[in-house]
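Student: Encoded as structure tokens, here's the structure I'll be asking about.
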Amino acid sequence: MMYTHLATIFIYVVSLVILPINGTDVEAPEIPIGHLKPFGHHRPPDVPVDETESIPDPWTFWEKYVKPGDPLILRGAAKKSPAFSLWTEDYLTQNYGDLEIRLEGKSEAWSPVPVGSEGLGRDKISSFLQRYGDKDTYVISQLPVPMYRDVIVLPCMSCGNMGGRMVEVDLWMSSGDSESILHKDAFNQMNCLFNGTKRWKLVHNKYEKFIHKTWEPSREIGGHSDIDVNEVDLLKYPNITKIRWSDYTLKAGDCIFLPKGYYHQVNSFGPMNVAVSILFSRITTFEDHDCDPSNHQPTPLSEMDVQWDWQGHGTMSMGNMDLLSIRWSYMQQAKKVGYITKEVFMEEFSLLMPEKILKKFEPSLKEAWAVIDPEDRGRLSVDDIELLDIPTLRDHALKLDLVEPSNTHEFEYYYIDADDIKELIMSLLDEDGHLSKTAFIKSYTTDPDFGGTEKFALEIFEKLQSTDSETATREEVVANIDEALENWSSRTLLDATPETDFSSKSILWKDEFEDVADTEAMKDEL
């Protein structure tokens, strides 16, 4: 970051000097308004977002906001949740202190993953609340199921296939002074703030071509911008100046509906900032089969079905796919010829996950297919697919082995590179060729390039030495280092690249990849 800024300054200094070339003058480039300032300084916010103090009925909510993909701010709506008045530090500690949550640093782009009481990126609510005020730590986690009882689902989204297609529920908690990158989420969400304030900068997805989006495989339906939201380099990212945007602040008690694919950048302010986000499917039609026009009462989240819930211990399922979209995709393919075969299923996932195939993904695919075809017939008819229920689809998806490492207690194996650890170990050998246990643990846990835990450092050191002592010899290190780092080496993540990305060719998932931008409106505005 520092070198980038120095290079930019150097370019400015040189450009300010008018040099004669072939009898002409080279003028300094014009510095765009908002250059090297926080995102949004390039132009005033001028895209209005509807605000209301009354909750719309489900039909109005669908027609005016969900269907066209427009945000809505619901002032005071979060006050209907018991969490608004109950969720103090003492209440959370006494009632939910033993539940686990997932951690990130306050600056989504730059902060290292913090260490909590349960490991790298994992803490208990009680220990988090004891130290969150003075630590670079931020809860971005699935909401544990026991906490559902304190959260309500607004009546505008509690029925039909909005209430029936809830994918997951997430918890956001910090002492303020946290920030996100400019990004979009895959699903529709209702985000309600119970403590603190949040500033939301919103960008319609029709401006996606101008955000300088980081490359991702076509199978991904989220995404984020490359820009540093605190200091936007408008010479490097000039298209940002073409973006119109919205700027709204939510206070404790407010909710915001954010449509799928709508870009946003959020800053949170404390001293205690707590929000819950309910994510529901990318539905394209509203099915109001169980909606009652006379019912305006909110529903406790504990009475709703959530596809991916989590009890507050063990592996999370945060970020998983909509299970009913899996069934829908299989159904569309089966309708073409009357069935979908095991071979097509295997081929399609090979296109979607080429990097997984390199790590022997085939056994996982076979196990996943066996869940939905237990009789091993090798094909599923349209009727077979229609009968696949949520528990079966969930088991099917889990067998695909697509768990995000940060959702697990083994995240440290993925987060810290084995070659970096090896280099650290060799650098710590003293003149006599001995590695100190104390020195290694200290470096592994405190060096900002590692930031690991003592538990995992001990795992490495104990495997390096042949005898239980406070040092390991060079000979022991050389002989045992590959075995000591096996868990790190074997869990190296393989990412798709533009050269290996064939997911856009998938016939099963092609309709899930892209958000449809309003190109005509885009032309009018530009």
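The values are calculated or read from the model by the stated rules, or taken from the named source; none is laboratory data. Quick caveat, the model's predicted, so the values are computed rather than measured. Quick reminder, even Gly has a Cβ in these numbers, built from the backbone with ideal geometry, and neighbours come from all protein chains shown. The protein model used for the area step is the full one, side chains on, heavy atoms only, and it has no ligands, DNA or RNA in it. Shrake-Rupley method; radii C 1.70, N 1.55, O 1.52, S 1.80 Å.
Student: Tell me the trypsin sites (Lys or Arg not before Pro) within the stretch 320-381 that lie in a loop according to DSSP and have at most 11 other beta-carbon atoms within 10 Å.
Tutor: Qualifying residues, ordered by number: 360.
Student: Mean Kyte-Doolittle of at least 1.0 plus a Cα span of 27 Å or more along the axis: flag which DSSP H helices in the chain meet both, please.
Tutor: Span-like helices here: none at all.
Student: If you don't mind, another one. What is the spin-label model distance, in nm, from residue 239 to residue 442 if the labels are put 7 Å beyond Cα along the C-beta direction?
Tutor: Calculated label separation equals 5.0 nm.
Student: Can you pull the accessible area of residue 80 for me, 1.4 Å probe, Å² to the nearest 10?
Tutor: Probe radius 1.4 Å; accessible area of residue 80 about 110 Å².
Student: Of all alpha-carbon pairs in the stretch 174-225, indicate the percentage at a distance above 12 angstrom.
Tutor: Values: 963 of 1326 pairs.
For the stretch 174-225, the share of Cα pairs beyond 12 Å comes to 73 percent.
Student: List the relative contact order of the chain as a percent without decimals, with contacts defined as Cα pairs under 8 Å and 6+ residues apart. Spell out each step's value before the answer.
Tutor: Working: 961 pairs, mean separation 89.1, N = 526.
With pairs under 8 Å counted, the relative contact order is 17 percent.
Student: Place +1 on the Cβ of every Lys and Arg and -1 on the Cβ of every Asp and Glu in the stretch 309-390, take the dipole about the Cα centre, and give the residue among 381, 312, 365 whose Cα lies farthest towards its positive end.
Tutor: Selected residue: 365.
Student: Kirkwood Rh over alpha-carbon pairs of the stretch 25-79, then Stokes-Einstein at 20 °C and 1.002 mPa s: what D in µm² s⁻¹, rounded to an integer?
Tutor: Using the Kirkwood radius from Cα pairs, D works out to 144 µm²/s.
Student: Could you work out the per residue convex hull volume over the alpha carbons of the stretch 154-279, in cubic angstrom?
Tutor: Values: hull volume 14.0 nm³, N = 126.
Output value, Cα hull per residue: 111 Å³.
Student: Right, next: Separation between the residue 376 and residue 500 pseudo-spin-labels, each 7 Å from Cα along Cα→Cβ, expressed in nm?
Tutor: 3.1
Student: Hey, another quick one. The stretch 441-505: D in µm²/s via Stokes-Einstein (Kirkwood Rh, Cα pairs, 37 °C, 0.692 mPa s)?
Tutor: Diffusion coefficient, whole number: 232 µm²/s.
Student: Which loop-located GluC sites (Glu not before Pro) does the stretch 326-431 contain, where loop means any DSSP state but H, G, I, E or B and the Cβ has at most 15 other Cβ atoms within 10 Å?
Tutor: Here the sparse-neighbourhood loop sites are 375, 431.
Student: Post the alpha-carbon centroid distance, the stretch 105-155 to the stretch 371-423, in whole angstrom.
Tutor: 25
Student: Further question: Over the stretch 279-407, what relative contact order in percent results from Cα pairs under 8 Å that are six or more residues apart?
Tutor: It comes to 31 percent, rounded to a whole number.
Student: FRET efficiency for residue 126 and residue 214, Cβ-Cβ distance as r, R0 = 45 Å, nearest 0.05?
Tutor: On the way: r = 36 Å, r/R0 = 0.80.
With R0 = 45 Å, the Cβ-Cβ based efficiency is 0.80.
Student: Rounded to the nearest 0.05, what FRET efficiency is calculated for residue 331 and residue 483 with R0 set to 60 Å and r the Cβ-Cβ distance?
Tutor: After rounding, the FRET efficiency stands at 0.80.
Student: For the stretch 229-301, what is the Kirkwood hydrodynamic radius in Å, using each pair of distinct C-alpha atoms?
Tutor: Details: mean 1/r = 0.0590 Å⁻¹.
Value: 17.0 Å, from the Cα pair sum.
Student: With Rg and the Kirkwood Rh both taken from Cα atoms, where does Rg over Rh land for the chain?
Tutor: On the way: Rg = 25.7 Å, Rh = 25.8 Å.
With Rg and the Kirkwood Rh in hand, the quotient comes to 1.00.
Student: Would you mind checking 442/463; 399/442; 184/242 for any pair whose Cα atoms are more than 29 angstrom apart?
Tutor: Pairs exceeding the cut-off: 399/442.
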